[in-house]
1. Note down all Cβ pairs under 7 Å where the first residue falls in the range 121-141 and is without any contact (Cβ under 8 Å) to a residue 60 or more places away in the chain and under 23 Å from Gln256 (Cα atoms), the second is away from the ligand (no atom under 16 Å from the Cβ) and not aliphatic (A, V, I, L, M), and they're at least six residues apart or on different chains.
2. Filter the range 33-48 for residues that are touching a residue at least 60 places away in the same chain (Cβ under 8 Å) and within 10 Å of the ligand (Cβ to nearest atom) and give the result.
3. Condition (residue is away from the ligand (no atom under 13 Å from the Cβ) and basic (Lys, Arg)) applied to the range 209-224: is it met by at least one residue?
4. Residues in the range 66-79: is at least one at pLDDT 95 or above, more than 9 Å from the ligand (Cβ to nearest atom), in contact with a Leu (Cβ under 9 Å, 6 or more places away or on another chain) and at positive phi?
5. Residues in the range 89-138 that are outside any helix (DSSP H, G or I) and among the small types (Gly, Ala, Ser): how many?
6. Which ones in the range 108-131 are within 15 Å of the ligand (Cβ to nearest atom) and either basic (Lys, Arg) or touching a Pro at 6+ places or on another chain (Cβ under 9 Å) (or both)?
7. So which of Ala207, Ala186 ends up being over 25 Å from Pro82 (Cα atoms) and either touching a Leu at 6+ places or on another chain (Cβ under 7 Å) or outside any helix (DSSP H, G or I) (or both)?
8. Looking at the range 79-103, which of the residues that are within 22 Å of Thr243 (Cα to Cα) and in contact (Cβ under 8 Å) with a residue 40 or more places away in the chain is surrounded by the fewest Cβ atoms within 10 Å (Cβ to Cβ)?
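The values are calculated or read from the model by the stated rules, or taken from the named source; none is laboratory data. Values in this document were obtained by computation on a predicted structure and should not be read as measured data. Glycine gets a Cβ as well: all are built from the backbone with ideal geometry, and neighbour counts include every protein chain shown.
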Amino acid sequence: MPIPTPRRHPPAKTPAKTPAMSAQPSRHPSPPAVLVFSGTDPTGGAGMQADVLTLASLGCHALSVVTAITVQDTIGVDDFLPIDAEWIADQARGVLEDMPVAAIKLGMLGSVEAVTAIAEVVADYPDIPLVLDPVLASGRGDALANEELIAALRDLLLPQTTVLTPNSIEARRLAEEVDTEGDDPALTECARRLLDLGCEYVLITGAHEQGARVANTLYNSRGVVHRLQWDRLPGSYHGSGCTLAAALAGFLALGQEVAEAAREAQDYTYQALVHAYRPGMGQYIPDRLYWIRGDDDGDAS
Ligand code: PXL
């Protein structure tokens, strides 16, 4: 599906008084709803803010369950406060019981207890496609998950995952593969192990590997589904993994099959990176609304 064309209408006026909820039919069809579980990022670059912006940009409605609150700038994460697991589950069940959800995306989860609670919630909705972005560390390397949490992801969430979206470092840690940096057959082996743990597809991103080109590879149990490559962009980016996983969930919610959704999500993310801006002293932030601004300097793909 092409990226939506910009619309410049003013927002619809809301009536002064909200009419009685029960008898009012909806005046417009609802966009597909995507439920995201993420930590907040006050820079607006990663986490929940990245997810909501990405999904809105693709024409989806984001349902936002906060799993942790972070203290960070565009350079690194200084601290985070995990939200109580029961509060996470209650936030999610509230919206899941209120409306149909077309896809679920998991980002930073914050604690083992949260992983356990979320695994129980999503187990009640086995037909909703689930995208798992295994957020283990910030771009600077600050830990956002410990070994116990990684083990819980492996045991409780991978078996329920439609598409896992690790970068190559996360793929090696989740697959318990060591000392193989830059070795592509080893990443293929990681993908095989992760698929054996129960996820349907793994999309391993390659920006952390060496080389002038960046290759991302989508695998399923039959092997490589596709491998897409781009020239490496200069600079380092805050929230690129969140953008990719949220876009993938969004395209699934819009009705695409996994391979097509992954392709479109990678293309969208690349465009957001081409148009990235640097609001602070650290990393660049992908521009998820690049298409709204009307400059087309970055259309080379
Ligand atoms: O980009 C991974 C990520 C996800 N979610 C939150 C983060 C980060 C990286 O810093 O802070 C909340």
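1. Correct list of pairs: Val122/Gln160; Ala123/Gln160; Leu130/Gln160; Leu130/Thr161; Leu130/Thr162.
2. Ser38, Gly39, Asp41, Thr43, Gly45, Ala46, Gly47
3. Step one: list which residues in the range 209-224 are away from the ligand (no atom under 13 Å from the Cβ), which gives 209-224.
Applying the additional criterion that residues be basic (Lys, Arg) yields 213, 222.
Within the range 209-224, one or more residues are away from the ligand (no atom under 13 Å from the Cβ) and basic (Lys, Arg).
4. No, that holds for no residue.
5. The initial filter retains those residues of the range 89-138 that are outside any helix (DSSP H, G or I), namely 99-111, 124-138.
Going one step further and asking which of them are among the small types (Gly, Ala, Ser), we end up with 102-103, 107, 110-111, 137-138.
Within the range 89-138, residues that are outside any helix (DSSP H, G or I) and among the small types (Gly, Ala, Ser) number 7.
6. Leu109, Gly110, Ser111, Ala114
7. Ala207
8. Across the range 79-103, the extreme among qualifying residues is Val101.
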